[in-house]
Amino acid sequence: MSDASPVASQRPVWLDDKTKSVMDRAIAREQSLSRMLMTYIVTGLVFMLLPGTFLGVWNLINISSHEAAESISPAWIQAHGHAQLFGWVGTFILGIGFYSIPKLRKLKPFGLREGWLCWALWVAGVTTRWLSNIYPWHWRILTPMSAVLEVLAFLIFFQAVASHRPSRGAPVPWESWVFVIIAATLGLLASLALNLGVSVQLALHASSPAFPHEFDQRYLIVSTWGFLVPMVWGFSSRWLTVFMGLRPLRGSLLLVAVGLNTVGVVAGFFELFMAAGVLLFLGAVTAIVAIRFFERPAKPAKTINVHGSFPIFIRLAYGWLLIAAALGIWASRAGQAPGIWGASRHTLTVGFIAAMVFSVGQRILPSFCGMRVLWSPRLMLVMLVLLMTGCTLRVASEILAYQDYAAWAWNVLPVSALVELTAVTLFAINLIVTFLRQPITVTTPLSMTTE
Ligand code: HEM
């Protein structure tokens, strides 16, 4: 590489030629990896905004105007759910996983082509699924095909990041966060396999691509509590201990939490909803005690380049996790209770998962994506306040309206939807403007940016 290249301009001039060329290659790879991660993130933002949130708002406004939860097509509701869970959060997780897991575990680098192939298959799969739910043109072929594409993308991801080959020296011992991420990855595999199996069944025997309601309820427990929740715990235990200055992780207790959560997911899948609710609640309490969110921190939080309220929102998000599990117990006792089930689901997906993605995402993504600085920490505060407000309005009014406790609550639901839509739009704007700005300095190894 000539010394006029952008890479060459980023390393000191006094190095010998061999070291220079090793450094150039490392910097060039880091830049390609950051570009790939940025593509995953922007793709996730697109899924979040249009097929995900915009459709969710549209559905909710329709439900509210008819004052009936069952007034819209289940296929449209499921298109929204799939776009949010897999199109948005799933795409973020795959991108962050490709970027960070091999580095954190000091593994041999994977071929970038695998990362791009995974992206292409995943985007094709999730987009086809959304379209075939919205407009069932040739859905008997397209829905199973979308599920196959998603499984193939997952297998490529798994093979790239689950390698056991250390980059040099002895293998890094497995820390507890690695086991938690493995549990979450198995949850993702189970969700994708169920999705494939049922899509084939529906294509052969049903008249619509929508999953039957009873199966959908059980499937959602696997894809939310079985995949997303442990994934957030795994990354929380690896990064938040440092970012929030928490006391040392109780690793064994975190594994107990994952055990309780997994048994809860299995119980939920087999329709033992009461037992599932209790186990998921106990698992969430145990994870909070293990990661030590609510104990006095050992060091000040590292909030440089993000809003100083970052640790408060992380704690609020974990509070929503407990409320989601508690609502699940209530819903299981109440029987047919769409308002309580729906409230529990959005407490989890908006209050916990979206809030964690907003908070941790804006902390790590600017530096992972080529050493950038978040455009506006103040906007981060505004969007998090809006998200929490929208979530509170949504959860309260969904129970009151859908369960026939208070008719006026139907009028609050569209307001909650618009508040949440504003929050997610601001999140997308803050990240995209951040990516459009110039990086601040030389691309730095991950260990220096996260600790
Ligand atoms: C502006 C924000 C949002 C609005 C207005 C919204 C709206 C809705 C509506 C109306 C439903 C139908 C069931 C019900 O009434 O409870 C629904 C279901 C669902 N939503 Fe949302 N949602 C939003 C955000 C999210 C987010 C951020 C996620 C995930 C990260 C999510 C995941 C789901 C899932 C998984 C379902 C169930 C789908 C199914 O039944 O298969 N939603 N949402």
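Please treat every number below as a calculation from the coordinates, not as lab data. What you see is a predicted model, and the numbers here were worked out from it, not measured in a lab. For neighbour counting, all protein chains shown are included, and Cβ atoms are generated from backbone atoms with ideal geometry for every residue, glycine included.
Worth pointing out:
- Principal-axis tilt of helix 55-66 within the chain, Cα atoms, nearest 10 degrees: 20 degrees
- Linear extension gain, I429 paired with S32, 0.36 nm per residue minus alpha-carbon span: 140.6 nm
- Estimated inter-spin distance, S71 and W116, nm [label 7 Å along Cα→Cβ]: 4.8 nm
- Using 0.36 nm per residue and subtracting the Cα-Cα separation, the extra length available between I61 and L418 on full extension is 127.6 nm.
- Normalised by the number of residues in the chain, the average gap of Cα pairs under 8 Å and 6 or more apart makes the relative contact order 15 percent.
- For K302, the lysines whose Cα comes closer than 22 Å to its Cα, not counting residues fewer than 8 places off in the same chain, are K103.
- As a rough footprinting exposure proxy, the listed residues R247, R140 were ranked by other beta carbons within 10 Å of their own, and the order from fewest upward is R247, R140.
- Sorted largest first, extent of the chain alpha carbons per principal axis (Å): 74, 53, 39
- Label separation (V385 vs V148): 5.1 nm, computed from points 7 Å beyond Cα along the C-beta direction.
- Dipole in debye (nearest 20) - the stretch 121-238, about Cα centre, beta carbon charges: Lys, Arg +1; Asp, Glu -1: 280 debye
- A Förster radius of 45 Å combined with the Cβ-Cβ distance from S207 to W408 puts the calculated FRET efficiency at roughly 0.75.
- The charge dipole of the chain, taken about its Cα centre with unit charges on the Cβ atoms of Lys, Arg (+1), Asp and Glu (-1) only, comes to about 1540 debye.
- Straight-line cross-link reach from K106 at under 20 Å between alpha-carbon atoms covers these aspartates and glutamates, not counting any fewer than eight positions away in the same chain: D24, E30, E114, E175, E451.
- With contacts taken as Cα pairs under 8 Å at a separation of at least 6 residues, the stretch 46-124 carries a relative contact order of 33 percent.
- Computing FRET efficiency as 1/(1 + (r/R0)^6) for K299 and E271, where r is the C-beta to C-beta distance and R0 is 45 Å, gives about 0.50.
- Computed extension gain for T19 through S252, at 0.36 nm per residue and net of the alpha carbon distance, reaches 79.7 nm.
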